[in-house]
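The values are calculated or read from the model by the stated rules, or taken from the named source; none is laboratory data. These figures come from a predicted structure and were not determined experimentally. Glycine gets a Cβ as well: all are built from the backbone with ideal geometry, and neighbour counts include every protein chain shown.
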Amino acid sequence: MELNIKLDRQGKKPLFLQIAEQIVNDINLGVIKQGTRLPAERKLAKSLSVNRSTVINAYNELTDRGYVQSHIGSGTTVTNVDIETEKEDIFVWRDLLSGQAESLINPYNSALKELLSERNLIAMDAGIADPDHYPKKALADISQELLLSEGNMLLQHGSPQGLLSLRESIVSIMKSRGIHSQVENVIVLNGSQQGLDLVSRILLEPGDSIILEEPSFLGAIDVFRTYGVRLVAIPTDGEGMVIDYLEKAIKRTKPKFIYTIPTYHNPTGLSLSSTRRKELLKIANRNHVPILEDDPYGLICFDNQPFPALKALDSTESVIYLSTFSKVIANGIRLGWMVAPPELTRIVVAAKQINDMHSGNFIQRMIDVYYRKGFFEQQILDIRGKYKLKRDTMLKALAKYAPEGMSWNTPQGGYFVWATLPDGLSAIKVLEEAVHNKVAFVAGPVFYLNDNGLRKIRLNYSYVSLEDINRGIKILCNLIESMKKKFTKNRVLEKEYLPIV
Ligand SMILES: Cc1ncc(COP(=O)(O)O)c(C=O)c1O
């Protein structure tokens, strides 16, 4: 067999390596096939005008790399032509994924994110605070001060339950929600989202049921789904969860817990009425079902004080309470907390430790000092005023531009207006058109369990500027008006819903 090898005798690469690499290349290209016998060392050395030892070294290199085998008497033969290709094949993980991993991806959610990934939009889809109100200066000053004075402690590991001084501050914050908690039962979290997961982890088994109001927070639905549980939806009206359905549903499905966002709900912006709060607790207690209360927006009230949290009315330690600094300060700081029933605290802390050891000391202490210096109280007052103005601007724009047949609610706090499109329109289709017109919102179906909410849309006012709220609502309403004209009554789009891909 003749080998086509060209040597660069002036080059830096040793001749034996040049020979070996060109043979490897020809093997990989299939020019030299498996089983081929390479030229005898002496013969190849002669044809290349190199020393025999150079060829011996080249063949040794090929042997080391697994490309050839040498046997006395039968010379040097090519062993495995696929070696290089195998090395470069991308590992296939798909078949190894757990059942839980598969359920982590909500195709609806991903499709929506892709659609909304185009920025430059008037982003009424966001569920986040206005960056103009991030307290950058105060946090910058506090962080510098803290790093210099307490840096050694703050950059160390900390308690899985959270920094004691921050837990004291949280106990104090909780009083404004009517909750009298103890530091022993407060657990600092990396966002209340982590709390949803930890509670699920310690309470749920695959096949369990949980009850939640519908619509509900997408992030919670996603967590619960990964635990393989059955989600039982209770409808809502203008006063929140319709409690009349609750007891029957409990008896029928024996839920592990009831998940609810009773105050300035995401996505509806509504609050569970005072009477229903009491009924909910009564029914839950009577049936020995605990409640997971998610309260990220409770401090952001506008016209009146919010109803006290369910946890404030809980005399039997059956409510697990979650809240967060995300909505008042900034989502990116990833700090939330749980007020846990005493019996659960130890196990939640253990789950948190397994999950991520602990939340960062530095950010915890920063927020603690931010609270202790009075900035937090001031921030709440500021954003209440600012977000109320934004809510009013959105409501005014809707009143001015919305076509007939469209309706919406008036949230008393929180981040969202929840609107219903005129008959025959699909929120998904309106969203697609809206994005082309540089306006975004969240289409209702993502907040439901079974393709409901087809005419619902969630409009966020916290993130966008006053000017953009006005402009965005005008564009959106004009669009809805023109889409409405195109559809006749007998084209019922409710059946036409398709996930966006
Ligand atoms: C109802 C609800 N629960 C929990 C969260 C998660 O908040 P955090 O940023 O604290 O994880 C959100 C955030 O949008 C929410 O709306």
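Details
- Only one of the listed residues (55, 31) is in contact with a helix residue (DSSP H, G or I) (Cβ under 9 Å, 6 or more places away or on another chain) and surrounded by 17 or more Cβ atoms within 10 Å (Cβ to Cβ). That residue is 55.
- Residue match in region 439-447 (condition: over 22 Å from residue 260 (Cα atoms), surrounded by fewer than 21 Cβ atoms within 10 Å (Cβ to Cβ) and either in contact (Cβ under 8 Å) with a residue 24 or more places away in the chain or over 25 Å from the mean Cα position of the chain (by Cα) (or both)): no
- For region 351-370, the criterion of being within 16 Å of the ligand (Cβ to nearest atom), out of contact with any His (no Cβ under 9 Å at 6 or more places or on another chain) and in a loop (DSSP other than H, G, I, E, B) is met by at least one residue.
- Verdict on residue 90 being at pLDDT below 90, among the aliphatic types (A, V, I, L, M) and touching a helix residue (DSSP H, G or I) at 6+ places or on another chain (Cβ under 8 Å): no
- Residues satisfying the stated conditions in region 283-306, i.e. more than 16 Å from the ligand (Cβ to nearest atom) and either in a loop (DSSP other than H, G, I, E, B) or within 11 Å of residue 177 (Cβ to Cβ) (or both): 287, 288, 289, 290, 302, 303, 304, 305
- Qualifying residue in region 251-258 (condition: modelled with pLDDT of 95 or more, touching a Pro at 6+ places or on another chain (Cβ under 6 Å), buried (at least 20 other Cβ atoms within 10 Å of the Cβ) and within 18 Å of residue 417 (Cβ to Cβ)): no
- Every residue from region 307-325 that is of a type in the set (Gly, Ala, Ser) and within 14 Å of the ligand (Cβ to nearest atom): 309, 323
Condition check ((1) closer than 16 Å to residue 352 by Cα; (2) within 16 Å of the ligand (Cβ to nearest atom); (3) in a helix (DSSP H, G or I)) across all residues:
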| residue | (1), (2), (3) |
| --- | --- |
| 127 | no, yes, no |
| 137 | no, no, yes |
| 140 | no, no, yes |
| 147 | no, no, yes |
| 151 | no, no, yes |
| 165 | no, no, yes |
| 168 | no, no, yes |
| 172 | no, no, yes |
| 222 | no, yes, yes |
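- Inside region 321-363, residues that are of a type in the set (Gly, Ala, Ser), within 30 Å of residue 138 (Cβ to Cβ) and surrounded by fewer than 17 Cβ atoms within 10 Å (Cβ to Cβ) make up a count of 1.
- Candidate set from region 188-220 (those that are under 12 Å from residue 449 (Cα atoms) and modelled with pLDDT of 95 or more); member that is nearest to the ligand (Cβ to nearest atom): 217
- Answer residue from region 459-489, given it is β-branched (Val, Ile, Thr) and not in a loop (DSSP other than H, G, I, E, B) and is farthest from residue 408 (Cα to Cα) among those: 475
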